[in-house]
Number of protein chains: 6
Amino acid sequence: MIAHSFRGEEFGPAQKLHGATYVVDASFSRPELDAAGMVVDIGLAATRLKEVLADLNYRNLDEEPAFAGRNTTTEFLAREIFERLAAAVRAGTLGDGARGVASIAVTLHESHVAWGRYEGAL
Amino acid sequence: MIAHSFRGEEFGPAQKLHGATYVVDASFSRPELDAAGMVVDIGLAATRLKEVLADLNYRNLDEEPAFAGRNTTTEFLAREIFERLAAAVRAGTLGDGARGVASIAVTLHESHVAWGRYEGAL
Amino acid sequence: MIAHSFRGEEFGPAQKLHGATYVVDASFSRPELDAAGMVVDIGLAATRLKEVLADLNYRNLDEEPAFAGRNTTTEFLAREIFERLAAAVRAGTLGDGARGVASIAVTLHESHVAWGRYEGAL
Amino acid sequence: MIAHSFRGEEFGPAQKLHGATYVVDASFSRPELDAAGMVVDIGLAATRLKEVLADLNYRNLDEEPAFAGRNTTTEFLAREIFERLAAAVRAGTLGDGARGVASIAVTLHESHVAWGRYEGAL
Amino acid sequence: MIAHSFRGEEFGPAQKLHGATYVVDASFSRPELDAAGMVVDIGLAATRLKEVLADLNYRNLDEEPAFAGRNTTTEFLAREIFERLAAAVRAGTLGDGARGVASIAVTLHESHVAWGRYEGAL
Amino acid sequence: MIAHSFRGEEFGPAQKLHGATYVVDASFSRPELDAAGMVVDIGLAATRLKEVLADLNYRNLDEEPAFAGRNTTTEFLAREIFERLAAAVRAGTLGDGARGVASIAVTLHESHVAWGRYEGAL
């Protein structure tokens with residue numbers, strides 16, 4: 001649940017400070033399941049996703065140094081969250097089995113009609 | 001898509017400026033249908049609801065004079081929108097048939113898990 | 001999945017022959033559960049609802065004798081389906097336990113934003 | 001995510017040990033908001049609901065002493081969860097403001113088509 | 001909200017004139033965001049999609065010259081809408097930034113269980 | 001609506017016998033529509049999917065010989081259902097037109113937040 005504003009005439013009324021609820025989904029893909037029969041440990045993945053989101057939630061993103069000079073569009077945020085989850089997979093935070101994950105897709109639902117997604121390989 | 005902040009320790013991190021997407025539903029009830037077989041003209045009702053929401057959308061509610069000194073909680077906003085729709089029914093903006101509407105319920109969905117509603121008689 | 005048209009200027013473009021998918025829910029209420037711990041036998045209720053809908057599905061409602069001279073609005077159809085389910089409860093088609101059902105609400109979802117409902121006592 | 005079985009011919013194949021995911025919603029109602037502008041502190045309410053569900057999750061309900069001799073239908077479980085939340089409100093676990101809550105409705109969604117609800121006054 | 005009928009025994013009862021509500025989503029993909037940080041201007045895209053749908057809405061598709069001799073299946077309509085959106089992208093109607101869009105997927109939801117999609121490159 | 005348990009410490013409380021409701025979707029893809037303008041005959045596909053699920057529903061999967069020694073994870077079950085649908089396509093059970101289906105994706109929704117999918121070529 002963040003506040004932010006956009007720069008650029010194409011954003012119209014969204015140039016003013018406003019806000020959004022993002023419901024965030026992450027999906028993990030791989031060609032073969034791990035030894036336990038899983039794509040990823042959903043418990044570890046959910047915990048890490050919640051930690052990533054806790055670092056963004058209840059903020060005015062216009063004041064976050066990490067995003068200085070950037071439009072924090074839904075698309076941009078989807079990639080940002082992807083990068084943080086991808087780093088967790090590479091670091092082993094999601095367990096050894098997760099090292100077989102081939103790609104992650106992160107979707108930010110901003111309402112019942114609008115969403116943005118970033119999908120990338122690991 | 002609004003920005004706002006709350007006053008009161010019970011709001012925890014929501015005391016900081018943050019934001020929310022509200023998906024807003026209005027439902028109209030009456031004991032008997034009008035002559036055309038309708039509860040309300042859904043076209044007129046949707047138009048009026050969009051106008052009511054346009055007055056709130058893309059705003060920082062902390063800076064709206066109408067809400068000065070108030071916590072703009074989901075519950076509070078649901079009633080606010082109810083009052084504006086109820087006034088429209090009484091003024092005939094939704095058509096003569098709508099004068100038979102007995103009650104309106106306004107629901108604000110702030111995510112897939114959280115919502116607030118106000119229901120009142122006309 | 002029905003076709004129909006409406007009479008009356010207030011219906012605008014819906015005066016032309018058009019169509020709709022209705023996803024239909026029925027909910028049954030009672031003050032106390034039956035001896036088996038149920039509100040209603042969901043298997044029997046679903047079967048009866050499907051039969052009621054089969055009598056309406058894949059039709060042009062403008063040509064149905066039962067609806068001659070009526071606008072088959074969502075609201076009207078909700079009551080029609082309610083009456084047919086209520087008759088089934090009274091006739092014992094949903095089982096003896098269902099005789100304790102106090103009210104039924106029938107909801108027709110015509111899209112992700114529009115729905116109509118009829119709720120009545122038995 | 002529980003396992004259970006039902007006794008009674010009307011349950012058909014559900015007499016065998018099977019299982020269900022229940023997505024559980026609780027909604028709180030009151031005539032007037034509390035001093036902070038809330039129906040209930042959603043953080044405290046969500047925490048208590050999670051605790052109540054944690055006592056039921058990942059269980060074979062046929063082996064729970066609390067449910068001995070009972071069919072743990074969706075309807076039955078809805079009331080059970082209602083009673084536990086109602087007790088929390090009365091005990092002040094949801095905060096002093098929550099003492100103004102007038103009723104609670106608990107809904108268990110068992111799939112995209114089937115749900116059960118219990119609603120009661122406090 | 002269209003009416004139509006299908007030719008071919010495999011369509012069973014859908015050979016009769018019936019109707020459907022289609023909830024239509026369009027998603028745009030590209031390898032890199034545009035200069036403003038967007039995949040596409042969601043305001044322009046939504047406006048164009050609404051225009052495309054307005055040309056089909058509240059019609060009996062059996063009488064539309066553009067579809068003469070064709071079964072207007074969900075799959076067929078998804079491609080039709082794709083082609084119209086793709087033409088808009090190529091014509092610059094969605095803005096210069098949208099020229100970087102690489103593919104579009106159009107999904108028609110005809111109920112909570114049935115949908116059709118066409119995805120194509122630009 | 002199945003019961004099962006998992007072997008492996010990573011499953012935590014899910015090592016105990018518990019259960020799940022799976023809402024199962026199957027989507028069929030192909031480069032060109034068949035002669036009737038369809039991807040697949042949705043009636044035949046739905047019938048076959050229901051038959052496949054009827055063989056799994058209301059069971060304790062720990063006792064199914066076909067799954068002996070396997071963790072019946074959501075991911076595993078998605079592939080299992082894929083294989084059974086793929087066999088039906090190859091055998092002509094979904095009609096001659098379905099022989100042009102190029103791939104099938106099977107998704108098992110286990111709640112509003114968790115799902116697993118298997119997608120494979122035919």
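The values are calculated or read from the model by the stated rules, or taken from the named source; none is laboratory data. All values derive from a computational prediction rather than experimental measurement. Here the Cβ is made from the backbone with ideal geometry for all residues, glycine too, and neighbour counts use every protein chain on show. Heavy atoms of the whole protein, side chains included, go into the accessibility calculation; ligands, DNA and RNA do not. Shrake-Rupley method; radii C 1.70, N 1.55, O 1.52, S 1.80 Å.
Let me cross-check E:Ile104: its accessible surface, 1.4 Å probe, with only protein heavy atoms counted, in Å² to the nearest 10?
For E:Ile104, the solvent-accessible surface is approximately 0 Å².
Which FRET efficiency value, to the nearest 0.05, is calculated for A:Glu119 and B:Glu9 with the Förster distance at 51 angstrom and r the Cβ-Cβ distance?
Calculated transfer efficiency: 0.80.
Going 7 Å from the Cα of B:Arg90 toward and past its Cβ, which residues in the range B:53-67 have a backbone nitrogen under 19 Å from where you end up?
B:53, by backbone N distance to the label point.
Rounded to the nearest 500, what is the protein assembly as shown's calculated 222 nm mean residue ellipticity when only DSSP H runs of at least 4 contribute -39500 (n - 2.57) each, over all residues?
Working: 12 runs with 186 residues, N = 732.
After summing the helix terms and dividing by residue count, I get -8500 deg cm²/dmol.
Could you give, in nm with one decimal, how far B:Val113 is from each other copy of that position, shortest first, with labels 7 Å out from Cα toward Cβ?
Label-point separations across copies, in nm and ascending: 0.4, 2.7, 2.8, 2.8, 2.9.
For label points placed 7 Å from Cα toward Cβ, what is the shortest-first list of nm distances from B:Arg70 to its copies?
3.7, 4.3, 4.3, 5.1, 5.9
Tell me the Rg and the Dmax, in Å, that the Cα atoms of the protein assembly as shown produce.
Spelled out, the Cα radius of gyration and Dmax of the protein assembly as shown are 26.2, 70 Å.
Around C:Gly100, what is the net charge, scoring Lys/Arg as +1 and Asp/Glu as -1 over all other residues with Cβ under 11 Å from its Cβ?
It works out to a net charge of -1.
Please give the Cα centre distance for the range F:41-87 versus the range E:1-69, rounded to the nearest Å.
The range F:41-87 and the range E:1-69 have Cα centres spaced 33 Å from each other.
Among B:Ala20, B:Ala66, B:Leu33, which residue has its Cα positioned farthest towards the positive end of the charge dipole of the range B:1-86, with +1 placed on the Cβ of Lys and Arg, -1 on the Cβ of Asp and Glu, and the dipole taken about the Cα centre?
Of the listed residues, the answer is B:Ala20.
For the range C:18-104, would you read off the P(r) tail past 17 Å as a percentage of all alpha carbon pairs?
Looking at the range C:18-104, the distances longer than 17 Å represent 50 percent of pairs.
I need the inter-copy label distances for A:Gly8: point set 7 Å along Cα to C-beta, values in nm with one decimal, smallest first.
List, nearest first: 3.9, 4.3, 4.3, 4.6, 6.0 nm.
For the protein assembly as shown, what is the number of Lys pairs with C-alpha distance below 25 angstrom, counting only pairs 8 or more positions apart or on separate chains?
Count of close lysine pairs: 12.
Place a point 7 Å from the Cα of D:Lys50 along the Cα-to-Cβ direction; which residues of the range D:93-110 have their backbone N under 16 Å from it?
D:94
Pairs of alpha-carbon atoms within less than 8 angstrom and 6+ residues apart define the contacts here; what relative contact order does chain E have, in percent?
33 percent
Give the Rg (one decimal place) followed by the Dmax (whole number) of the range A:2-69, computed from C-alpha coordinates and expressed in Å.
When restricted to the Cα atoms of the range A:2-69, Rg and Dmax are 17.2, 52 Å.
Using a Förster distance of 22 Å, how high is the FRET efficiency between A:Glu32 and E:Glu32, based on the Cβ-Cβ distance and rounded to 0.05?
Efficiency at R0 = 22 Å is approximately 0.10.
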